[in-house]
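Step one of this worksheet: look at the structure below.
The values are calculated or read from the model by the stated rules, or taken from the named source; none is laboratory data. What you are looking at is a predicted structure, and each value in this text was computed from that prediction instead of being measured. In this analysis, Cβ positions are derived from the backbone assuming ideal geometry, glycine residues included, and neighbour counts consider all displayed protein chains. We work out accessible area using only protein heavy atoms, side chains counted, and drop any ligands, DNA or RNA first. Shrake-Rupley method; radii C 1.70, N 1.55, O 1.52, S 1.80 Å.
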Amino acid sequence: MTNSEIFVYNLFDDAVKIEQAYKIPHDVLLAQAALETGWGKTINPGTNAYFGIKAGGSWKGKRHLVTTSEYHNTNTGITYPQVISITPSGSGYIWKVKDWFRSYNNSFDSLKDYAKLLTQGQPYKNALMYKDDPDLFIEQLSAYATDPEYINKVKAVRQSVVNKIQSLNLKKKLFPLGLILILGGLLYYFLKK
């Protein structure tokens, strides 16, 4: 298997569990995680950080300092723990900076935190209306990254993820939470009769 196939294979079941609990398409989760980490190659050891979520002031968990690139329309007035360089790019600037990002105990916690961000974060809530149309879902995530090409990149990686899921013959499984909900519903239905 290639590195990207291993990446999809290792995260597939967790992504399906998150889809079942939060209604976020598993292939979109995997695509964003793949894009954010270079198919797992750029995850800092011990962080399990698959989505590059900033550790703002309200974050109480573990965090790590990372060198990253941010895209802004200005070359002044933005604060980071450390600014390494600012380079003109098109109509804006690429800021190479160090910033704090969230860390997790395992990959599932990372996916779950991302799902909570999407379901509770105001800029992303509209995406959930398009859970059955991954491209429209992805288009609602434009506020997620400062890269102006981010949406197009996620769509391209998603197609690659879908191809890998098919070639690896991965199938969604009904996990215990879903099974419990279904059995509970059936029991309620039959007891109600």
Quiz item: List the pairs whose first member sits in region 35-56 and is on the phi > 0 side of the Ramachandran plot, whose second member is at pLDDT 90 or above and in a loop (DSSP other than H, G, I, E, B), and whose Cβ atoms are under 6 Å apart, counting only residues at least 6 apart or on separate chains?
Solution: Asn48/Tyr104; Asn48/Asn106
Quiz item: Within region 51-83, how many residues are in a loop (DSSP other than H, G, I, E, B) and open to solvent by 30 Å² or more (accessible area, probe 1.4 Å)?
Solution: 17
Quiz item: If a residue has to be open to solvent by 50 Å² or more (accessible area, probe 1.4 Å) and of a type in the set (Phe, Trp, Tyr) to count, how many in region 107-134 make the cut?
Solution: 2
Quiz item: Which ones in region 164-177 are surrounded by 13 or more Cβ atoms within 10 Å (Cβ to Cβ) and not basic (Lys, Arg)?
Solution: Ile165, Leu168, Leu170, Phe175
